[in-house]
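**Student:** Attaching a single structure in structure tokens format; questions to follow.
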Amino acid sequence: MHIVKTANMNQRRIVIGDVHGHYDTLIRLLDSISPTSEDKVYFLGDLIDRGPNSAQVVDFVMRTPYQSLR
């Protein structure tokens, strides 16, 4: 994970990489950083594979305003 403050000090760019189907870990991470509606959250890398909850990760990403980048 990488967090960058933007020129607008109320907004962060949060980049989360390689979730690999670890839904519970992803939720704990998001809970710990508490993104606000001002923040931009981006997923990079593999959302699925290896972890036990790939379908939950995909469903979550599709239901959120967060972007998944290639």
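The values are calculated or read from the model by the stated rules, or taken from the named source; none is laboratory data. Just so we're clear, the structure is a prediction, and the values are computed from it rather than from any experiment. With ideal geometry, Cβ positions are generated from the backbone for all residues, glycine too; neighbour counts draw on all protein chains shown. Please note that ligands, DNA and RNA were not included when accessible areas were found on the heavy atoms of the full protein model with its side chains. Shrake-Rupley method; radii C 1.70, N 1.55, O 1.52, S 1.80 Å.
**Student:** Within the stretch 18-30, which residues are farther than 13 Å from residue 66 by Cβ and open to solvent by less than 40 Å² (accessible area, probe 1.4 Å)?
**Tutor:** Within the stretch 18-30, 20, 21 meet the criteria.
**Student:** Count, please, the residues in the stretch 55-70 that happen to be over 12 Å from residue 15 (Cα atoms) and either open to solvent by 70 Å² or more (accessible area, probe 1.4 Å) or in contact (Cβ under 8 Å) with a residue 40 or more places away in the chain (or both).
**Tutor:** 7
**Student:** Here's another thing I want to ask about it. Can you say whether residue 45 is surrounded by 12 or more Cβ atoms within 10 Å (Cβ to Cβ), modelled with pLDDT under 95 and of a type outside the set (Asp, Glu), as far as the supplied structure shows?
**Tutor:** Criteria met by residue 45.
**Student:** Next question, about the same structure. Among the numbered criteria (1) in contact with a Gly (Cβ under 9 Å, 6 or more places away or on another chain); (2) open to solvent by less than 90 Å² (accessible area, probe 1.4 Å), which single criterion is violated by residue 52?
**Tutor:** (2)
**Student:** So which pairs qualify, if the first residue must be in the stretch 18-34 and at negative phi, the second must be among the polar types (S, T, N, Q) and part of a loop (DSSP other than H, G, I, E, B), the Cβ gap must be under 6 Å, and the two must be at least 6 apart or on different chains?
**Tutor:** 23/53
**Student:** Let me ask something additional. I'd like to verify a number: residues in the stretch 44-70 that are assigned to a helix (DSSP H, G or I), over 14 Å from residue 21 (Cβ atoms) and of a type in the set (A, V, I, L, M), how many?
**Tutor:** Within the stretch 44-70, residues that are assigned to a helix (DSSP H, G or I), over 14 Å from residue 21 (Cβ atoms) and of a type in the set (A, V, I, L, M) number 1.
**Student:** Follow-up. Here is a check on your reading of the model: is residue 33 open to solvent by 40 Å² or more (accessible area, probe 1.4 Å) and of a type in the set (A, V, I, L, M)?
**Tutor:** For residue 33, the condition - open to solvent by 40 Å² or more (accessible area, probe 1.4 Å) and of a type in the set (A, V, I, L, M) - is not met.
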